[in-house]
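Inspection log for the structure reproduced underneath, given as structure tokens.
The values are calculated or read from the model by the stated rules, or taken from the named source; none is laboratory data. Predicted, not measured: the structure shown is a model, and the values here were computed from it. Reconstructed Cβ throughout: ideal geometry from the backbone, glycine too, with neighbour counts over all protein chains shown.
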Amino acid sequence: MLVTATILAIIILLLLYLSCQKPKGYPPGPRWWPILGCAWEIARIRQETGYLFKTCSMLCKKYGPVVGLKIGQDRIVIMNDLESIRAMLTNKDCDGRPNGPFYKARTWGVIQGILIADDKLWVEQRRFVIRHLRDFGFGRTSMLTIIEDEALKLVEHFKKMLKNRYNYETADTRKMTTINNNNIGQIYKLQKDSKNKPNELNICDEFHVLEDKISKPRTVADLYMKAEAYAEVRKVSQSAGMIISMDDAFGVTVLNSLWRMMAGRRYDPGDKELTHLQRILTKLLIEIDMIGAPFGHFPLLRFIAPEMSGYKAFVETHRELWAFIKLLAICLDLFIAGSETTSKVLSFGFLNLILNPQIQRKAHEEIDRVTERNRFPILADKPKMPYVEAIVMESLRVFVGRTLSVPHRALKDISIVGHKIPKDTMLVANFNGILMDETWDDPEDFRPERFLDNNGNIITSEKFFPFGMGRHHCMGETLARNNIFIIIATLLHAFNFSVIPGEPRPTTQDFVDGATAGPKPYRALVSLRM
């Protein structure tokens, strides 16, 4: 018995030792420990940096442009420079997608959709999507008309809010304003309620603003602060502008571009149901880290005890609706990839436009010169508006520069820039390493001119491929680029966007973390151009 136990212990120790040994030629990276690999080291760095893309960039600085990791039993290689990223994205042997339980969980136990499918399933479902989207008008003139029309509907929505802004002033608001006039020195403060809802406003005394009122557009007079700043705020509140939350201002408009093609109907930009759907998709993308378990939290109970947790029964129930689930997974991928990412690009773009009014003025001049102020921009104007197109490209750079690629998987043993990578290793491109590095001179500055030559013509760096390359190149690139261009051009034709006086300036260095980072929620003072 003792001999058996000793042999078993030796075998276990030997297996643990072997699990810590890196394959020959594997990229450098943190030390591997039994069972956990380098999970603790990754968690420590992420806590230190605060963001996933910064974690990968810090690993790159320490270990080199290609970093080899192991989280639990999963091998992961992070690519951080142009050579390695290009080699990975264009290698057909790297076209696999992760196939672990974390990726199957989102569609009830089996890989579905187009984002994380591979091999024949990916080819089949991609062809299905392209064929049917073309039937709906994808890539045709009708699609361009829809995009232009949705941009105009967003302008109408903003104008409607501007026109009706004073109608939202409630008796509570007037009472608060009177208090602030009569009690110089009284201090008011912005707070969040017990559910941590943004924009919930409470006053230090007996008066409160209800949630249904706060959800409507507010003017600067609805903000309360120390009395010494009140004069400045009062002056702005009497202007023609109003405050709009910009971080989620574009989701419905972008979703409508797809929705009108696929379902033949649209929603108003202020529609609460579709706004709620957009927020669900945003939350989903944050919670389902595209890298999976190594960097995100997952309820492991469903995998450790599938029967006791009820997960197995849940899967079997939904498999009865399998055809519907396949279609649902495709639609979910389309909405996440086509709407969520485009909305974040626009959020980054307008954040930087309100912080850089000189860029906004140049865009106004170009738009006015092309449209002569007697019509709205159209997509046919794009070649005549290189500066606006450069704003689009710079917005893409600052968004994708905080983004990781959807993971790939090595289909067999491969070699990338001299490193040997075993079959089934997960491969991830960190675009921060190529779009926010020092070769851009001032990578943290928002400067559209970097995409223009001395004659004002568009130029593109070899590092700039925000929609990927290779077989998994984004099939919605044209739709996304057109959406971003026409929304920026149309809104800038109609409005001025500026920082709210009396409020702290929004920052470009705080993000909502995830595989695709977004700017922290921010607001802008929006006014009609005269």
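Picking from Gly68, Gly96, Gly72, which residue would you name as being modelled with pLDDT of 75 or more, in contact with a strand residue (DSSP E or B) (Cβ under 9 Å, 6 or more places away or on another chain) and more than 14 Å from Ala410 (Cβ to Cβ)? It would help to see each step written out before you state the result.
Details: Gly68 fails: more than 14 Å from Ala410 (Cβ to Cβ); Gly96 fails: more than 14 Å from Ala410 (Cβ to Cβ).
Gly72 is the lone residue from the list that is modelled with pLDDT of 75 or more, in contact with a strand residue (DSSP E or B) (Cβ under 9 Å, 6 or more places away or on another chain) and more than 14 Å from Ala410 (Cβ to Cβ).
Taking the conditions exactly as written (in contact with a helix residue (DSSP H, G or I) (Cβ under 6 Å, 6 or more places away or on another chain), crowded, with 22+ Cβ neighbours inside 10 Å, of a type in the set (A, V, I, L, M, F, W, C) and closer than 29 Å to Ser498 by Cβ), does Ile458 satisfy them or not?
Numbers: in contact with a helix residue (DSSP H, G or I) (Cβ under 6 Å, 6 or more places away or on another chain): yes; crowded, with 22+ Cβ neighbours inside 10 Å: no; of a type in the set (A, V, I, L, M, F, W, C): yes; closer than 29 Å to Ser498 by Cβ: yes.
So Ile458 fails the test.
How many residues are of a type in the set (Phe, Trp, Tyr) and at pLDDT 75 or above if we restrict to the stretch 320-355? I'd like the intermediate steps shown before the answer.
Pass one, the stretch 320-355, residues of a type in the set (Phe, Trp, Tyr): 322, 324, 335, 348, 350.
If we keep only those that are at pLDDT 75 or above as well, we get 348, 350.
Of the residues in the stretch 320-355, 2 are of a type in the set (Phe, Trp, Tyr) and at pLDDT 75 or above.
Is it the case that some residue within the stretch 371-379 is of a type in the set (A, V, I, L, M), in contact (Cβ under 8 Å) with a residue 12 or more places away in the chain and either in contact with a Pro (Cβ under 8 Å, 6 or more places away or on another chain) or part of a helix (DSSP H, G or I) (or both)? Reasoning before the result, please.
From the stretch 371-379, those of a type in the set (A, V, I, L, M) are 378-379; that's our starting set.
Now restrict to residues that are in contact (Cβ under 8 Å) with a residue 12 or more places away in the chain: 378-379.
From what's left, either in contact with a Pro (Cβ under 8 Å, 6 or more places away or on another chain) or part of a helix (DSSP H, G or I) (or both): 379.
Taking every residue of the stretch 371-379 in turn, at least one turns out to be of a type in the set (A, V, I, L, M), in contact (Cβ under 8 Å) with a residue 12 or more places away in the chain and either in contact with a Pro (Cβ under 8 Å, 6 or more places away or on another chain) or part of a helix (DSSP H, G or I) (or both).
Do we find that Ile416 is buried (at least 20 other Cβ atoms within 10 Å of the Cβ), under 14 Å from Ala87 (Cα atoms) and of a type in the set (A, V, I, L, M) in this structure?
On the way: buried (at least 20 other Cβ atoms within 10 Å of the Cβ): yes; under 14 Å from Ala87 (Cα atoms): yes; of a type in the set (A, V, I, L, M): yes.
Against the criterion (buried (at least 20 other Cβ atoms within 10 Å of the Cβ), under 14 Å from Ala87 (Cα atoms) and of a type in the set (A, V, I, L, M)), Ile416 qualifies.
In this structure, does Phe465 turn out to be without any contact (Cβ under 8 Å) to a residue 24 or more places away in the chain, crowded, with 17+ Cβ neighbours inside 10 Å and farther than 21 Å from Val370 by Cβ? Break it down into steps so the answer makes sense when it comes.
On the way: without any contact (Cβ under 8 Å) to a residue 24 or more places away in the chain: yes; crowded, with 17+ Cβ neighbours inside 10 Å: yes; farther than 21 Å from Val370 by Cβ: yes.
Considered against the rule, which asks whether it is without any contact (Cβ under 8 Å) to a residue 24 or more places away in the chain, crowded, with 17+ Cβ neighbours inside 10 Å and farther than 21 Å from Val370 by Cβ, Phe465 comes out as yes.
In this structure, does Val428 turn out to be within 20 Å of the chain's Cα centre (by Cα) and β-branched (Val, Ile, Thr)? Break it down stepwise before answering.
Details: within 20 Å of the chain's Cα centre (by Cα): yes; β-branched (Val, Ile, Thr): yes.
Criteria met by Val428.
Can you name the condition, by its number, that Lys62 falls short on among (1) surrounded by 11 or more Cβ atoms within 10 Å (Cβ to Cβ); (2) more than 29 Å from the chain's Cα centre (by Cα); (3) at pLDDT 80 or above?
Tallying (1) surrounded by 11 or more Cβ atoms within 10 Å (Cβ to Cβ); (2) more than 29 Å from the chain's Cα centre (by Cα); (3) at pLDDT 80 or above, Lys62 fails exactly one: (2).
Out of Ile434, Ile487, which single residue is surrounded by 23 or more Cβ atoms within 10 Å (Cβ to Cβ) and in contact with a Lys or Arg (Cβ under 6 Å, 6 or more places away or on another chain)?
On the way: Ile487 fails: in contact with a Lys or Arg (Cβ under 6 Å, 6 or more places away or on another chain).
After applying the criteria, what remains is Ile434.
Return the total of residues in the stretch 131-153 being at pLDDT below 75 and among the aliphatic types (A, V, I, L, M).
Going through the stretch 131-153 one residue at a time, the tally reaches 1.
Out of the residues in the stretch 509-528 that are in contact with an Asp or Glu (Cβ under 9 Å, 6 or more places away or on another chain) and part of a loop (DSSP other than H, G, I, E, B), state the one that is surrounded by the fewest Cβ atoms within 10 Å (Cβ to Cβ).
Per the criteria, the residue is Gln509.
Need pairs with beta-carbon distance below 7 Å; first residue farther than 29 Å from Phe53 by Cβ and within the stretch 490-519, second assigned to a strand (DSSP E or B) and of a type in the set (Val, Ile, Thr); sequence gap 6+ or separate chains.
Here the result reads Phe495/Val526, each pair linking the stretch 490-519 to a residue that is assigned to a strand (DSSP E or B) and of a type in the set (Val, Ile, Thr).
List pairs: first in the stretch 80-99 and over 20 Å from Thr439 (Cβ atoms), second assigned to a helix (DSSP H, G or I), Cβ under 8 Å, 6+ apart or cross-chain?
Once the first residue is over 20 Å from Thr439 (Cβ atoms) and sits in the stretch 80-99, its partners that are assigned to a helix (DSSP H, G or I) give Cys94/Met88; Gly96/Asp119; Arg97/Tyr103; Arg97/Trp122.
Identify all residues within the stretch 57-87 that are in contact with a helix residue (DSSP H, G or I) (Cβ under 8 Å, 6 or more places away or on another chain) and part of a helix (DSSP H, G or I); write none if there are none.
Within the stretch 57-87, Ser57, Met58, Leu59, Cys60, Leu82, Ile85 meet the criteria.
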